[in-house]
Amino acid sequence: MKQYATITVIGRDKTGVIARVTGFLFEQKANIEALEEQVTRGQFSMTLQASWLKKDLRLEVLRAGLDQLAKMLGMEIKLRVTEPGRRQRFAIFVTKEPLCFETLAVAVKKKSLVADPVVVVSNRPDLKALAQKFRLPFVCIPWEDRTQGELQALKVLEEYEVDFVVLARFMKILTPNFVWRYKNKIINIHPSLLPSFPGPQAYRQAYEHGVKIAGVTAHFVNMHLDDGPIIAQGSFEIRSGMSLAQIIVTGQKLEAKVLLQAVKRFLARRLDVHWGVVKEV
């Protein structure tokens, strides 16, 4: 049985980073399953997935070697190891709308969603009572300073050993600095049939444009707003005479359903992102 790990490398761009990291992993008998890197305004970011035969993985040596490499390169190198057979651990990010959060939590309770929510993170205290109802830790992080907010959130994810993140109507934009650390592991729900009506007030835009079919989109979060690879979508008819309030209520019910569907697809490990498009494998 193989052991899998994800390694992220972030810091100022310099020559030879990829070679140094992959060379070290080769010495540790790793097989590199996937590697993606980019440089944005002088910042180097790389996410790498590797696997080992269980007999070949020396975790303490691997961690110590990556820590030493990080110091030598002057970069941040993080290692997340996935234990074989361990249930995936996820964080739920919320703001004030409860339906998506509650739908996920109920699905876990009914065992139709086979994963463990381990922490709820929010920029507001509104849903603390709902988190307590489901016996989930609730961490409220001020987000007025986005940089500090994201740093605190990343510490929480590391503390709770989170494998992936679900944005259950979390109304803050995550920066590339955050997103790259969980590439293709942050699932968002957007209230429109993307690529139509990105950004805030999507239902209002649909209402004002007089569209006859509206919907919602669950997608992986990437570096560009509402432009990540699409996992699942759902639609509904806007009947003649429907008010904006009625459209919003209908859409919110669908949001919860499609977000849950997307998380289930992700957990089934049948998704691959190729050239920005999600494919089932």
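Within segment 183-258, the ratio Rg/Rh, alpha carbon atoms throughout and Rh by Kirkwood, equals 0.98.
Model label points for Met223 and Ala19, set 7 angstrom from Cα along the Cα-to-Cβ axis, are 2.3 nm apart. Adding -39500 (n - 2.57) for every DSSP H run of four residues or longer, then dividing by how many residues the chain holds, sets the calculated 222 nm ellipticity at -10000 deg cm²/dmol.
Given in Å, the Rg to one decimal and the Dmax to the nearest whole number for the Cα atoms of the chain are 19.9, 67.
With the largest listed first and rounded to whole Å, the semi-axes of the equivalent ellipsoid of segment 140-266 from the Cα gyration tensor are 29, 15, 12. Pairs of Cα atoms in segment 52-158 fall into 10 Å distance bins, from 0 up to the last occupied one, in shares of 12, 32, 28, 20, 7 percent. Based on alpha carbons, the Rg and Dmax found for segment 9-49 are 10.6, 33 Å.
Each Cα pair under 8 Å and six or more residues apart adds its separation to the average, and for segment 125-201 the resulting relative contact order is 21 percent.
In summary, the lysines within cross-link reach of Lys54, defined as a Cα separation below 18 angstrom excluding same-chain residues under 8 places away, comprise Lys2, Lys29. Ellipsoid semi-axes for segment 78-219, based on the Cα gyration tensor and the rule √(5λ), read 26, 18, 16 Å when sorted largest first. Per 10 Å bin, what percent of the C-alpha pairs of segment 1-122 does each bin hold, from zero upward? Spelled out per bin, shortest first, that is 11, 34, 26, 22, 7, 0. Working from Cα pairs under 8 Å separated by at least six residues, relative contact order for segment 56-136 is 28 percent.
Here Lys257 is the anchor, and the lysines within straight C-alpha reach of less than 27 Å, apart from those fewer than 8 places off in the same chain, are Lys96, Lys109, Lys110, Lys111, Lys128, Lys133, Lys172, Lys183, Lys185, Lys212, Lys279. For segment 89-187, applying the loop criterion from DSSP together with a ceiling of 15 other beta carbons within 10 Å to the GluC sites (Glu not before Pro) yields Glu144, Glu161. Could you tell me which of rounded, prolate or oblate describes segment 80-133, using a ≥ b ≥ c as the square roots of the eigenvalues of the alpha-carbon gyration tensor, with rounded for a/c under 1.5 and, failing that, prolate when a/b is larger than b/c and oblate otherwise? Here segment 80-133 falls in the oblate category. Placing a label point 7 Å from the Cα of Val106 along the Cα-to-Cβ direction, the residues of segment 125-169 whose backbone N falls under 14 Å from that point are 134. Evaluated at q = 0.19 Å⁻¹, the base-10 log of the normalised Debye intensity for segment 139-208, with identical point scatterers placed on the Cα atoms, takes the values -0.86. Computed from phi, the 3J(HN,Hα) profile of segment 229-235 under the Karplus parametrisation 6.51, -1.76, 1.60 (θ = phi - 60°) reads x, 7, 9, 8, 9, x, 9 Hz, with x in place of Gly and Pro. Heavy-atom accessible surface of Arg58, to the nearest 10 Å², is about 130 Å², with a 1.4 Å probe and all protein chains retained.
The values are calculated or read from the model by the stated rules, or taken from the named source; none is laboratory data. Remember, it's a predicted structure, so these values are computed and weren't measured experimentally. Methodologically, a virtual Cβ is constructed for each residue, glycine included, from the backbone with ideal geometry; neighbour enumeration extends over all protein chains shown. Ligands, DNA and RNA are stripped out before the accessible areas are found, and what is left, the full protein with its side chains, is counted by its heavy atoms. Shrake-Rupley method; radii C 1.70, N 1.55, O 1.52, S 1.80 Å.
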